[in-house]
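Below is one structure, written out as structure tokens; comments come after it.
Only the coordinates and a few stated rules stand behind these numbers; no lab work does. Computed from a predicted structure; not experimentally measured. Because the Cβ atoms are built from the backbone with ideal geometry, glycine has one as well, and the counts that use them run over all protein chains shown.
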């Protein structure tokens, strides 16, 4: 089945630690996105990528980093510089960038120990 | 500032009712608008996508309309069922940008 796979489902971060969230898609989509969702707030864009080896900052990129070495993969690293990382993180992909439907993964809940 | 608003934040209805969810956006020059469903602790599922040139889209019991001039979209759900209980979010995007702007959602509960 085609889709987007996020792992892990739950992740715990210790203070000062960097953690990486995985996102893999087999939909052959060019565009991929990372969103953060906090209770009572809309989704906020962290980073997006339209093509391999290229990505742009979203609205809340500080404390996060990404890479896009393969079309299928768009991992997100939450660095120690992100002081309030507890949130639900959603990865999405899109065909035709900007005009097509967004497809989402099942999300990763990140909590701080 | 481009914003998306969804009112009400929560809604409870008895099973079988027809209902309307609202989405308002401040900048009417949208490229397209999508409606999504989110179950607790899950990702979003795209329900309907309306291009800026379209007035409405239908899928089964769902119908979404778009009125760009007034900055509004509505999602109509016919004959609601307990399985429709979820949070419904709308999102808009604008020409020349890959960024979607999301509303905060309407949490729907359909009572059996």
With chain B treated as a Gaussian network of Cα nodes joined by springs under 10 Å, which of B:93, B:45, B:74 yields the largest mean-square fluctuation?
-> B:45
Compute the distance in nm between two label points, each set 7 Å from the Cα along the Cα-to-Cβ direction, one at residue A:5 and one at residue B:111.
-> 4.3
Build a GNM of chain A with springs between Cα atoms under 10 Å: which of A:95, A:33, A:48 gets the top mean-square fluctuation?
-> A:95
Using a Förster distance of 25 Å, how high is the FRET efficiency between residue B:76 and residue B:52, based on the Cβ-Cβ distance and rounded to 0.05?
-> 0.80
Quarter of Cα convex hull surface for chain B, i.e. mean projection, nm² | 6.8
Taking a ≥ b ≥ c as the square roots of the eigenvalues of the Cα gyration tensor, with a/c under 1.5 meaning rounded and otherwise prolate when a/b exceeds b/c and oblate if not, the stretch B:39-102 is oblate
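Out of all DSSP beta bridges with both ends in chain B, state the antiparallel percent to the nearest 5.
Values: 39 of 44 bridges.
Antiparallel bridges: around 90 percent, rounded to the nearest 5.
What is the calculated FRET efficiency for residue A:80 to residue B:28, with r their C-beta to C-beta distance and R₀ = 41 Å, to the nearest 0.05? Before the final figure, lay out each step's value.
On the way: r = 42 Å, r/R0 = 1.03.
The computed FRET efficiency comes out at 0.45.
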Expected max-MSF residue from B:11, B:75, B:49 in the GNM of chain B (alpha carbon, under 10 Å) is B:11
Distance (nanometres) between label positions extended 7 Å along Cα→Cβ at residue A:52 and residue A:111 | 3.8
With Rg and the Kirkwood Rh both taken from Cα atoms, where does Rg over Rh land for the stretch A:1-108?
-> 0.94
Under the definition of partner shielding as Cβ atoms of other protein chains within 10 Å of a residue Cβ, what is the mean value for peptide B:99-105?
-> 6
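Within a 10 angstrom radius of each residue's Cβ in B:37-43, how many Cβ atoms of other chains show up on average? Whole number is fine. Walk me through the numbers before you get to the answer.
On the way: counts 0, 6, 1, 0, 6, 6, 15.
Mean shielding count: 5.
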Expressed as a whole number, the average count of other chain Cβ atoms within 10 Å around the Cβ atoms of A:39-51 is 3
Taking the Cα atoms of the stretch B:12-59 alone, what are Rg (to one decimal) and Dmax (as a whole number) in Å?
-> 13.3, 37
Once label points are set 7 Å from the Cα along Cα→Cβ at both residue A:62 and residue B:11, what is their separation, rounded to one decimal in nm?
-> 3.7
Bridge orientation stat for the protein assembly as shown from DSSP, antiparallel percent rounded to 5, came to 90
On a C-alpha basis, how far is the centre of the stretch B:2-38 from the centre of the stretch A:44-108 in Å? Whole number, if you could?
-> 25
